[in-house]
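The values are calculated or read from the model by the stated rules, or taken from the named source; none is laboratory data. Note that the coordinates shown come from a computational prediction; the quantities given were computed from them, not determined experimentally. Counting neighbours? That spans all protein chains shown, and the Cβs are built from the backbone with ideal geometry, glycine included. Side chains are part of the model used for accessible areas, which takes the heavy atoms of the whole protein and leaves out ligands, DNA and RNA. Shrake-Rupley method; radii C 1.70, N 1.55, O 1.52, S 1.80 Å.
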Amino acid sequence: MDTLANLAMGMSIALTPYTLLLAVIGCFVGTIIGALPGLGPSNGVALLIPISFSMGLDAVSALVLLTSVYYGAMYGGRISSILLNIPGDEPAMMTTLDGYPMARQGKAAEALVVSGVASFVGAFLATVGLMIFAPYLARVAYQFGPAEYFALYMLAFCTLGGIGSTNQAKAAMSAAIGLGIAMIGLDKTTGMPRFTFGELHLMDGVDFLVAIVGLFAVAEIFHFIESHGKDSAISVKLGKILVPWRMLRQTSGAMLRGTGIGFVAGVLPGAGASLGSFLAYMAEKSVAKDKASFGRGNPKGVAAPEAGNNAAAGGALVPMLTLGVPGSGTTAVLLALLLTLNITPGPLLFAERPEIVWSLIASLLIANVVLLVMNVPMVKVFVRILSVPAWVLLPGVTMIAFVGIYSLTGSSFDMLMMVAFGVLGYVMRKLGMPTVPVILGILLGNAMEDNLRRAMVLSNGDWTYLFSSPIAIGLWTAAVLGFVAPIFLRRLLKKPAMPETDPTLNED
């Protein structure tokens, strides 16, 4: 009853015309930010913080605006992933694997509708979970130490090379490249430069956004030039723009499974939406009877990661509000906003400032409905992007990517790095090597190294500490099975002959 009373109090604040207007504006702006390659929710929220202060917004209004942008960006990331094969942000990477092939098959509208509904299911249920289970789920996160986190990251890489690919060797090589790139920069412990070759611009490491825009957007331009536009990202056939009710029913289970996995991944501090979408996709592929169709336009391969990454976005708010520990990069930005407003997140926040917590939760529930209503009818608008000539759209997308990266980093060296990653992505595509493991290696490499070092410090160099808890043992067991089992099971699976597609699509 206390929960319902608090929610009613939050709704009374969230449904005021001014607050509701801020939520709608945040949803619209966030969707655009998420759709633009290279920006993503964390950068979008960070860029809007000065605007919220200049508008003189109070704590509740500022949080409503920025969290609506957060959720909107998580929705919007799917648009360029499906239509252009260029993820709008990191969590949308997995959506490209089946979303883009669906667009190439003339099912762009269906993919956008399925992904929009999956985003709604994941985000809405995650917000309900935040409202009900936040105090309890925070205790689970306390159980994860450095050994458990290291095992979790090993699970991600092992399933990437096993269940997540038809060629473990190529996937493992790609992941190794990503981990090697993650090592570039100053060593956090000793302060010594690693793999910088005397270049000062590499002392801070390689910016993840530079890598993802180069590997996807710039590499796509190179492929477009090579094919003279005959096999470009825009040359897709459009089907009838209808709500695919049958497809939604078929993918409902994938949405619910992805929501559960993504929410748990979001609650774990540092795991984030990227890992949530990845694990949701891998889990859905592992339980599917038609594994061979994944990566070639399976709607479940769109529904699962979209539900997973949006559920992780809601789950990431749990440790931020209850522990003061950000669960993702975007919640780290929101945490900075709270501290700037003299609000200290933690267990006492629910008791001392309930109007902030519950108005935020109520606004998120409303924002999800607004986003669903806004995104599904606008499928026609998004699909019409494909009617723009490829020679206009792709260079325009690349220009936006370059301007976006330069506006964030202000470094011409990063422009050259982005082109270099574009060449790397193009070469890997020609060699049939997936690029997603490279991105995940860069994304998870530093955190993986940090947790390994903490584990060794806590255990005084005893490597058995990595297997010292039931959670860690369970994760290690799943990692080994996820990598080894497909080697033996693949011989038993009869895969039907499928038309050839891009190597980056059928091997990730």
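Pairs linking a residue in the stretch 343-354 that is at pLDDT below 75 to a residue that is surrounded by fewer than 14 Cβ atoms within 10 Å (Cβ to Cβ) and among the hydroxyl-bearing types (Ser, Thr, Tyr), with Cβ atoms under 9 Å and 6 or more positions apart or on different chains, are GLU352/THR344.
Just the residues that are loosely packed, with under 14 Cβ neighbours inside 10 Å and polar (S, T, N, Q), please, taken from the stretch 172-190. Spell out the reasoning first.
Filtering the stretch 172-190 down to residues loosely packed, with under 14 Cβ neighbours inside 10 Å leaves 187-190.
Of everything in the stretch 172-190, those that are loosely packed, with under 14 Cβ neighbours inside 10 Å and polar (S, T, N, Q) turn out to be THR189, THR190.
Counting just the residues of the stretch 460-472 that are assigned to a loop (DSSP other than H, G, I, E, B) and in contact (Cβ under 8 Å) with a residue 12 or more places away in the chain, which one comes out least open to solvent (accessible area, probe 1.4 Å)? Only one residue fits best here, namely SER469.
In the stretch 448-485, how many are of a type in the set (Phe, Trp, Tyr) and farther than 23 Å from GLY178 by Cα? Talk me through it step by step, then tell me what you get.
Start the filter on the stretch 448-485 by keeping residues that are of a type in the set (Phe, Trp, Tyr), which leaves 463, 465, 467, 476, 483.
Applying the additional criterion that residues be farther than 23 Å from GLY178 by Cα yields 463, 465, 467.
Summing the residues that are of a type in the set (Phe, Trp, Tyr) and farther than 23 Å from GLY178 by Cα in the stretch 448-485 gives 3.
If you go through the stretch 248-270 and keep only what is small (Gly, Ala, Ser) and open to solvent by 10 Å² or more (accessible area, probe 1.4 Å), you end up with SER252, GLY253, GLY260, GLY270.
For the structure I just gave you, tell me whether LEU83 is in contact (Cβ under 8 Å) with a residue 40 or more places away in the chain, open to solvent by 10 Å² or more (accessible area, probe 1.4 Å) and hydrophobic (A, V, I, L, M, F, W, C). It would help to see each step written out before you state the result.
Working: in contact (Cβ under 8 Å) with a residue 40 or more places away in the chain: yes; open to solvent by 10 Å² or more (accessible area, probe 1.4 Å): no; hydrophobic (A, V, I, L, M, F, W, C): yes.
No: the conditions fail for LEU83.
Looking at LEU416, LEU424, LEU444, just one residue is loosely packed, with under 15 Cβ neighbours inside 10 Å and either hydroxyl-bearing (Ser, Thr, Tyr) or at negative phi (or both), and that residue is LEU416. Close Cβ contacts (under 8 Å, 6 or more residues apart or on different chains) running from residues in the stretch 291-303 that are over 12 Å from MET94 (Cα atoms) to residues that are among the polar types (S, T, N, Q) and open to solvent by less than 30 Å² (accessible area, probe 1.4 Å) comprise PRO299/THR251.
Right, VAL140: of a type outside the set (D, E, K, R), at pLDDT 80 or above and at negative phi or not? The answer is no for VAL140. Annotation note: Cβ proximity below 8 Å between a residue of the stretch 42-66 that is modelled with pLDDT of 70 or more and a residue that is open to solvent by 30 Å² or more (accessible area, probe 1.4 Å) and among the aromatic types (Phe, Trp, Tyr) (sequence gap 6+ or interchain) occurs for SER61/TYR18; ALA62/PHE53. In the stretch 417-459, the qualifying residues are those that are assigned to a helix (DSSP H, G or I) and of a type in the set (Val, Ile, Thr), and the one that is modelled with the lowest pLDDT is VAL436.
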